[in-house]
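**Q** Pasting a structure here, questions to come.
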Amino acid sequence: MCISFGPIVIETPRLRLRTWRDDDRDVFAALHADPEVMVDAVAPLDRAASDAKLARYAATHDDVGYSRWCVESRDGDFLGYVGVMPSVSGHPLGPHAEIGWRLARSAWGHGYATEAAQEALDDVFARCDLREVLAYTAPDNLRSQAVMIRLQLRRDPARDHSMRDGPRIWHGLTWVATSPAIATPLT
């Protein structure tokens, strides 16, 4: 359970992470319509699918207190999203929380994913009763793997998994972030 559920804004020196607003729908849809941004998906999302995804993110935040955040520059330019979501029902790894990100092509290569993901992890571990958060990506998604390494997530090959993603079977490599509140046993 999370401590607070209302609208939240987290600011870093370069970024703002915030809960979603209805006027984010156009930029969110443009992000999902870009084939280069969506290269890891089956296909870009049409407007209806993008709107449904945004509604799911907003509803998840209202229900559990965390979700994917809108990420924008401190000047208010939309950059993409980053955040933690509960796993989908029937996930091969069972119930868990998962961090993910998707940034507009113009936002790649600036360290925004790492900066925003670290803030999202710090927030969810501080406000919510989560002990760990998983991150997973395809073996060929080296950019996301680099973010996971920069976040100092622990690679857990025992949790690598496959699942149906539309017409294909998707194979994921898994990393783990552990709450800093959990004491590391001395060996």
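The values are calculated or read from the model by the stated rules, or taken from the named source; none is laboratory data. The structure displayed is predicted, hence computed values, not measured ones. Please note: Cβ atoms are built from the backbone with ideal geometry, for glycine as well, and neighbour counts cover all protein chains shown.
**Q** Please go through region 126-184 and pick out each residue that is small (Gly, Ala, Ser) and either under 17 Å from residue 100 (Cβ atoms) or crowded, with 16+ Cβ neighbours inside 10 Å (or both). Working first, answer last.
**A** Keep residues of region 126-184 that are small (Gly, Ala, Ser), which gives 126, 135, 138, 144, 146, 158, 162, 166, 172, 177, 179, 181, 183.
Listed by number, the residues that qualify are 135, 138, 144, 146, 172, 177.
**Q** Within region 84-102, can one find any residue that is over 23 Å from residue 182 (Cβ atoms), among the aliphatic types (A, V, I, L, M) and in a helix (DSSP H, G or I)?
**A** No, because not a single residue in region 84-102 is over 23 Å from residue 182 (Cβ atoms), among the aliphatic types (A, V, I, L, M) and in a helix (DSSP H, G or I).
Residue-by-condition table, conditions (1) closer than 19 Å to residue 79 by Cα; (2) over 15 Å from the mean Cα position of the chain (by Cα); (3) touching a residue at least 60 places away in the same chain (Cβ under 8 Å):
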site: 92; (1), (2), (3): no, yes, yes
site: 100; (1), (2), (3): yes, no, no
site: 109; (1), (2), (3): yes, yes, no
site: 119; (1), (2), (3): yes, no, yes
site: 128; (1), (2), (3): no, yes, yes
site: 134; (1), (2), (3): no, no, no
site: 161; (1), (2), (3): no, yes, yes
site: 164; (1), (2), (3): no, yes, no
site: 167; (1), (2), (3): no, yes, yes
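**Q** Pull up region 12-28, narrow it to residues that are acidic (Asp, Glu) and closer than 15 Å to residue 104 by Cα, then point me to the one that is surrounded by the most Cβ atoms within 10 Å (Cβ to Cβ).
**A** Across region 12-28, the extreme among qualifying residues is 24.
**Q** I'm trying to understand the selection: among the residues of region 42-55, which are free of Cβ contacts under 8 Å to residues at least 24 places away in the same chain and surrounded by 15 or more Cβ atoms within 10 Å (Cβ to Cβ)?
**A** Result: 44, 45.
**Q** Is it the case, given these coordinates, that residue 76 is over 17 Å from residue 128 (Cα atoms) and not in a helix (DSSP H, G or I)?
**A** So residue 76 fits the description; yes.
**Q** Search region 29-73 for residues being in a loop (DSSP other than H, G, I, E, B) and of a type in the set (Ser, Thr, Tyr), and hand back the single one that is farthest from residue 105 (Cα to Cα).
**A** Per the stated criteria, the residue is 66.
**Q** Here's something else I'd like to know. Yes or no: region 68-81 includes at least one residue that is on the phi > 0 side of the Ramachandran plot, touching a Leu at 6+ places or on another chain (Cβ under 9 Å), surrounded by 13 or more Cβ atoms within 10 Å (Cβ to Cβ) and modelled with pLDDT of 95 or more.
**A** There is at least one residue in region 68-81 that is on the phi > 0 side of the Ramachandran plot, touching a Leu at 6+ places or on another chain (Cβ under 9 Å), surrounded by 13 or more Cβ atoms within 10 Å (Cβ to Cβ) and modelled with pLDDT of 95 or more.
Residue by residue, here is whether (1) hydroxyl-bearing (Ser, Thr, Tyr); (2) in contact with a strand residue (DSSP E or B) (Cβ under 8 Å, 6 or more places away or on another chain) holds:
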site: 61; (1), (2): no, no
site: 68; (1), (2): no, yes
site: 81; (1), (2): yes, yes
site: 87; (1), (2): yes, yes
site: 91; (1), (2): no, yes
